[in-house]
Structures are given as structure tokens and as C-alpha cells.
Amino acid sequence: MTASLTSGRSKLLFAGLLFLGLFGLLFVILYGNIFLSRGSQNGLKSEDTIGTFGKNVSAKKYLRSLGFIKADADEISKKNSSRVFCCILTQPENHEKAIGVKETWAKRCDGYIFVSSEHDDTLPALNAHLGEGRDILWGKTKLGFRYAYKFIDEYDWFLKADDDTYVIMENLKLLVADYSPNQPLYFGHHFRRVTPEGYMSGGAGYVLSQAALRKFVEEGLDEYSCLKKNDGPEDALMGLCLHALNVTFGDSRDASGHNRFFPFTPSEHMKPGHMEGVRALV
């Protein structure tokens with residue numbers, strides 16, 4: 001008798017739980033679309049926009065930036081639409097490090113050259129004949145871009161980087177895909193100091209459009225509009241030169257206001273509040 005009552009109660013309990021489950025499923029089916037179409041305070045729709053860093057960003061783009069949505073066909077096409085030539089500064093004692101660059105991200109450049117004070121066919125590296133040291137980086141940069149100018153019609157964008165820089169080429173190509181290389185443009189991590197319009201950090205690397213490189217070589221170097229000597233702060237002198245040539249300083253931040261170029265080491269950028277003291281300069 002006791003066993004029979006217990007079995008009966010179990011059946012009733014099971015039936016009740018099954019009913020609640022079916023009711024809940026029916027509720028979701030009937031009203032789920034209504035909630036999705038209206039949205040909620042905590043939900044995001046692909047058509048909705050959200051406020052991030054004072055900008056309106058589509059929820060779809062925001063989720064994609066966080067890695068929750070894979071890139072669509074248009075973005076994949078963008079990654080392949082721009083041809084980028086990479087000019088990478090190095091020095092003889094770092095050629096082994098430069099081989100690491102060659103075997104990793106430099107492979108994704110559409111063309112590249114290393115600039116050193118010693119010729120090296122294995123990289124390959126040009127001999128700048130300027131010696132070594134931070135004070136002659138301006139001379140090496142000018143030489144590298146003058147070399148790249150020989151192929152100006154073969155590429156759309158021209159990147160300057162160092163042998164301790166790491167570039168995710170697919171992201172760089174996504175950035176420049178929205179701009180015409182026929183316009184004089186200049187992208188990087190923008191420090192707004194030293195020169196009238198500031199400059200792009202040399203350590204983070206920076207990229208010039210085809211039109212910007214043409215102006216830099218034809219007007220800046222050949223007509224001596226830019227500083228002729230080879231010493232001095234390379235990135236600041238480049239900013240001063242391109243400002244004088246009316247090259248547009250582009251905003252390289254993404255749709256969420258996050259940086260794409262980073263001037264310091266990864267460990268420095270990971271420190272809480274590290275960029276707070278820099279924001280007054282950018």
C-alpha cells in the first residue's frame with residue numbers, strides 16, 4: 001500500500017514537471033520572437049546600436065570585435081584587397097631576431113625589405129651605410145621608403161616597422177581597406193605633441209598610402225621639403241615632414257575606440273591604467 005502510494009505520487013510529480021517543461025517551451029516559441037524584435041535592456045540585436053566611447057556601434061560589429069561572430073565574406077575579401085609593402089628596420093646584431101620576423105608576420109606582407117647597416121641576402125637586408133644607433137633611424141627610414149618607391153605602382157600601402165614589432169597583417173589590411181591609397185594618408189598610434197599635428201609612434205609602426213609615399217619621396221626628399229640630415233627622432237621628423245606635405249593624419253582606432261597600434265611592450269599595455277598618463281598626448 002505504501003509502495004503503491006509512493007509510486008502514484010512519483011507519477012504525478014513527473015507529469016507535473018513534464019507539463020511545466022512543455023509549457024515553458026511553448027512560451028519561448030510563441031513569445032521569443034517578440035522579445036527579440038523588441039530587444040531588452042540586456043539584449044543586443046544586430047540592427048541595434050550601443051554607445052561605446054561616445055560612439056554608436058552596431059551590436060553585430062561589437063560582438064564581432066569581441067570574437068563572438070566570425071568575419072563575413074566581405075571582411076575576408078577586404079583582407080585580400082590591399083597590397084602592403086613592409087620596410088623593416090634592423091641592425092647586424094639583430095639579424096637573427098629579424099629572421100624570426102621574416103618567418104612569421106613578414107610572410108603576410110605582399111613585399112618586404114629589411115634595412116640595416118650590413119648587407120644580408122638571407123633576410124634580405126639593405127646596407128644603409130649610415131652606421132647604427134637610434135640617432136640615425138631617420139636616415140634609415142628615408143632610405144627604406146626611397147627603396148620602396150621603386151615599386152610604388154605595385155603596392156597600395158607602405159608600412160614602416162622595427163625588428164621588435166609584431167604586425168597582424170590581416171587586421172592592418174582591414175583598416176586600410178576602407179580608404180583609397182590614392183589619397184595621401186598616414187596611420188599609426190598618434191602622439192599629439194612635438195610637431196604641429198603630432199606624429200605616429202615609430203615603435204608601434206606606421207603605414208603610408210601610395211599617394212603619401214609619392215609625396216614623401218617626390219616632394220619631401222627629392223625637393224628637400226623634409227629634413228636632409230639623417231639624425232634626429234625618426235617618428236617626430238616623419239610627422240613634421242608629412243604635415244608640411246599636407247598628408248592627412250588618419251584615425252586608426254576601431255569602431256569601439258580601441259587602439260590598433262601599440263607603442264609600448266605588451267607587458268606595459270597590460271598594466272591597469274597604463275595608458276591613462278598617455279591619453280593627454282594622443
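The values are calculated or read from the model by the stated rules, or taken from the named source; none is laboratory data. As the structure is a prediction and not an experimental result, all values here were calculated from the model. Cβ placement follows ideal geometry from the backbone for every residue including glycine, while neighbour counts extend to all protein chains displayed. Please note that ligands, DNA and RNA were not included when accessible areas were found on the heavy atoms of the full protein model with its side chains. Shrake-Rupley method; radii C 1.70, N 1.55, O 1.52, S 1.80 Å.
Residues of segment 57-76 include none that is of a type outside the set (Val, Ile, Thr), assigned to a helix (DSSP H, G or I) and at pLDDT 95 or above.
Identification of strands (runs of 3 or more DSSP E) wholly contained in segment 105-204 with 1 or more residues that are without any contact (Cβ under 8 Å) to a residue 40 or more places away in the chain and open to solvent by less than 50 Å² (accessible area, probe 1.4 Å) yields 111-116, 125-127.
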